[in-house]
Every structure is written in C-alpha cells, then in structure tokens.
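Peer 1: Can you keep this structure in mind? I'll have questions shortly.
The values are calculated or read from the model by the stated rules, or taken from the named source; none is laboratory data. Treat the numbers as computed from the prediction; the structure is a model and nothing was measured. Cβ placement follows ideal geometry from the backbone for every residue including glycine, while neighbour counts extend to all protein chains displayed.
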Amino acid sequence: MNLLKKRINSFRPKFLQSFEPIISRYAQYGGGSKEDKFNRGKAFANVYEFYIYAFFIGLAKNKSLELTSEDTAKDFWEIENWKPADLTEQLIICAIAESDFDMNAVESMDKDSLYKESTKVLSTIEKFANGGFMYIKQKVEESEEAAEDELLFVNLLEED
C-alpha cells in the first residue's frame, strides 16, 4: 500500500492548455509570501488549490473531460506537495472510488502492474478537474459580472 501511495503522490496532473487563461486569472503561479498572493487578488493562492476545487466541481456537477494523447496539456506540481493534505487525500479517495481501480487486487500486484493500474486514478483526477475547469470557464464566459464577483466560487458550489 505504501508503494501505491508513493506512486499516486508522485503524479503531476495535467490540465488542458486552453484552460491556462482562466487558471492564471484566478490562481497564483509560483511562489511568494501569503501577503503577496493576497495583494494580487487571486481567488486561489496556488494553482493546485484551483485544481482541487475544479476536481470537486467536476465531480459534483458530473462534468468530466478526458485528456487524449492529441491534447495539448500542461502539468504542474506533484500531488505530494499539495496542501492541505487532508483535502488532497479526499480527492484521491474520490478518484479511486470513481475510477475502475481494483483495490482488492493491489496486495497481489507486482510493481509494474500497480503502476499501470494507478494511472486509472490519475486519469480520473484529470478528467474531473478538466471537466470542472470547462464548467467554470463556461460560467465565466456567460457573464462578465459573475466572473468579477468575489463570491464566484462560492456561488458555483451552490448552483444545481
């Protein structure tokens, strides 16, 4: 099980390049102090925070967008660096539950089989996060007023 956790934590999830403008609009790229990040007025202090939010929006709204080998996608920080750890673990648990990952077979898998099987979890994380970004992008494009609302991300949680 430790090997599985290590493998999943090493993933660098991807998002479609076409979502980069919306991500850079609402999330801070790179480092900096919390005060600097706050002063820039971003809704999310880090890209991974926005990615986690997009994953849960995609999951809640049943919006998924599979990445293909032809897609231009961008990756970023490894999951092991995402904070808070409890929320990141919940994301992983949800991704395992939503994927067709075989938890019962994990104990008897060799390393190569486990690595191959674990890519199902990564694919599930990516498809719901990208589905969430697609949903957010659509909502922002529908209304510039909504896009500028400081409660945009709270309001998106409340929508049916």
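Peer 1: Does segment 97-113 include one or more residues that are among the aromatic types (Phe, Trp, Tyr) and assigned to a helix (DSSP H, G or I)?
Peer 2: No: zero hits.
Peer 1: Is it true that some residue in segment 105-113 is of a type in the set (D, E, K, R), farther than 25 Å from residue 7 by Cβ and surrounded by fewer than 16 Cβ atoms within 10 Å (Cβ to Cβ)?
Peer 2: Within segment 105-113 (the criterion being of a type in the set (D, E, K, R), farther than 25 Å from residue 7 by Cβ and surrounded by fewer than 16 Cβ atoms within 10 Å (Cβ to Cβ)), the answer is no, since none of the residues qualifies.
Peer 1: For the subset of segment 114-125 comprising residues that are over 18 Å from the mean Cα position of the chain (by Cα) and under 15 Å from residue 9 (Cβ atoms), which member is surrounded by the fewest Cβ atoms within 10 Å (Cβ to Cβ)?
Peer 2: The selected residue is 115.
Peer 1: Given the criterion closer than 25 Å to residue 140 by Cβ and out of contact with any Gly (no Cβ under 8 Å at 6 or more places or on another chain), identify the matching residue among 91, 114.
Peer 2: The match here is 91.
Peer 1: Test each condition in (1) surrounded by 14 or more Cβ atoms within 10 Å (Cβ to Cβ); (2) without any contact (Cβ under 8 Å) to a residue 60 or more places away in the chain for residue 55 and report the one that comes out false.
Peer 2: With respect to (1) surrounded by 14 or more Cβ atoms within 10 Å (Cβ to Cβ); (2) without any contact (Cβ under 8 Å) to a residue 60 or more places away in the chain, residue 55 is out only on (2).
Peer 1: Select, from 98, 148, the only residue that is at pLDDT below 95 and acidic (Asp, Glu).
Peer 2: 148 is the lone residue from the list that is at pLDDT below 95 and acidic (Asp, Glu).
Peer 1: What pairs come out if I take residues in segment 64-84 that are touching a residue at least 40 places away in the same chain (Cβ under 8 Å) and surrounded by 11 or more Cβ atoms within 10 Å (Cβ to Cβ) and pair them with residues that are part of a loop (DSSP other than H, G, I, E, B) and small (Gly, Ala, Ser) whose C-beta lies under 8 Å away, six or more apart or interchain?
Peer 2: 78/10; 79/10; 80/10
Peer 1: Next question, about the same structure. Within segment 1-23, take every residue that is part of a helix (DSSP H, G or I) and aliphatic (A, V, I, L, M) and give me the one that is nearest to the chain's Cα centre (by Cα).
Peer 2: 23
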